[in-house]
Amino acid sequence: MAVVFYLNDSQKPDGHTVYDFMKKLQDWILENLEFTVSVGIGSETQTLGNIPQCYAEAKVHLSYKPVFGLGSLIGIRDVHAKTEGRIFPHLQSVRTLVKSFRTDDGQWQNHMISLFQALKKGRFSQGDINQITNYLIYHLNKELMEMTGEAQELWATEYKPVLEALVEHSEKLEEWHERLVMLLSELEPRVRAARCARNNHELICQVKAYIETHYFDPDLSLNRISDQYEMNPRYLSKLFKEEFGEKFIDYLLRIRLEEAQRLLLKTDLPVHNIAERVGYVHVISFHRAFKNGLGVPPGDFRKKTEVKSNG
């Protein structure tokens, strides 16, 4: 459920009004119903056009529920309060690992190694490792339960219980890493086989490959690809989401922004040239998409990275 709050002129946009209201709602639900509600809170905005971004922020905050616990209220101030914590800096790596596993891009083991090496440098308790594992299970469950019925059953009946048991029985980080890699390596080909058993798997993979080789085309769109592959746009969009856990438009945007980041870091090309190279006719549209996706304009992204490199 999504809720949009409209604050009048007498209510300061400090976030307290939203927190107080949602806390009262949580208390009422806890007292009168047989379930709990966790809440992710996005930032405030003065314009309607920024509401999608606020909603996206709220979804990201809610994804930290396994860390904050059931029945949590999670906003930007709560996230910031934990960013200096022991495990919080590694949670993005967990999400990247899971996304890589779901999309079958062949990189999840590299992400797993990076995560393990980063954790090995710190001093983590059994409780810390348990929280990271629970976070991993949460996102694997979210991704795999969006797939075909066979993949869902495979995950829910065979692998999720084993991973949950892993939380209780891995006393050493090395043991945790070894068991986790073994389980995911065993699950990977079985999920792939479930994918391949579907008639549309090969076609959707062709669509994905087409996006990756034509992302620079400003006219690339769902309707255009649907026409090319003679499919209904809505049906193609549904199949793409089921296969890769990401909407067509979100995947196209991610590919474009990843290439834009590479060009900003590796070349001296002006921003307007980079915009053209990643499929944007108007540089202002590129600026807006880049800032919404990465939080800073492309020019500031390049400067910030240069400062870090020189420092």
Which fully enclosed helices (runs of 4 or more DSSP H) of region 186-282 have 1 or more residues being of a type in the set (Val, Ile, Thr)?
201-214, 222-228, 248-266, 271-277
Are any residues in region 13-37 hydroxyl-bearing (Ser, Thr, Tyr) and over 24 Å from residue 295 (Cβ atoms), and if so, which ones?
17, 36
Only one of (1) in the same structural domain as residue 117 (by TED's automatic domain parsing); (2) hydrophobic (A, V, I, L, M, F, W, C); (3) crowded, with 18+ Cβ neighbours inside 10 Å is not met by residue 181, so which one is it?
(3)
From (1) modelled with pLDDT of 90 or more; (2) under 22 Å from residue 208 (Cα atoms), pick out the condition that doesn't hold for residue 239.
(1)
What is the one condition in (1) more than 23 Å from the chain's Cα centre (by Cα); (2) under 29 Å from residue 151 (Cβ atoms) that residue 282 does not satisfy?
(2)
So residue 59 ticks every box in (1) more than 23 Å from residue 181 (Cα to Cα); (2) modelled with pLDDT under 80; (3) part of a helix (DSSP H, G or I) but one. Which box is left unticked?
(2)
Here is a list of conditions, (1) modelled with pLDDT of 85 or more; (2) more than 24 Å from residue 146 (Cα to Cα), and residue 82 meets all of them except one; can you say which number that is?
(1)
Going through region 152-176 in order, the residues found to be within 20 Å of the chain's Cα centre (by Cα) and surrounded by 19 or more Cβ atoms within 10 Å (Cβ to Cβ) are 155
Scan region 65-91 and report the pairs whose first residue is hydroxyl-bearing (Ser, Thr, Tyr) and whose second residue is modelled with pLDDT of 75 or more and assigned to a strand (DSSP E or B), with Cβ atoms within less than 8 Å and a gap of 6+ or a chain change.
72/39
Is it the case that residue 302 is at pLDDT 85 or above, in contact with a helix residue (DSSP H, G or I) (Cβ under 7 Å, 6 or more places away or on another chain) and more than 30 Å from residue 152 (Cβ to Cβ)?
yes
Taking the stated definitions as given, is residue 285 small (Gly, Ala, Ser) and under 18 Å from residue 102 (Cα atoms)?
no
Output for region 205-261, where each listed residue is loosely packed, with under 15 Cβ neighbours inside 10 Å and aliphatic (A, V, I, L, M):
209, 249
Please work out if residue 155 is out of contact with any Gly (no Cβ under 6 Å at 6 or more places or on another chain) and closer than 19 Å to residue 115 by Cα.
no
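The values are calculated or read from the model by the stated rules, or taken from the named source; none is laboratory data. These figures come from a predicted structure and were not determined experimentally. Reconstructed Cβ throughout: ideal geometry from the backbone, glycine too, with neighbour counts over all protein chains shown.
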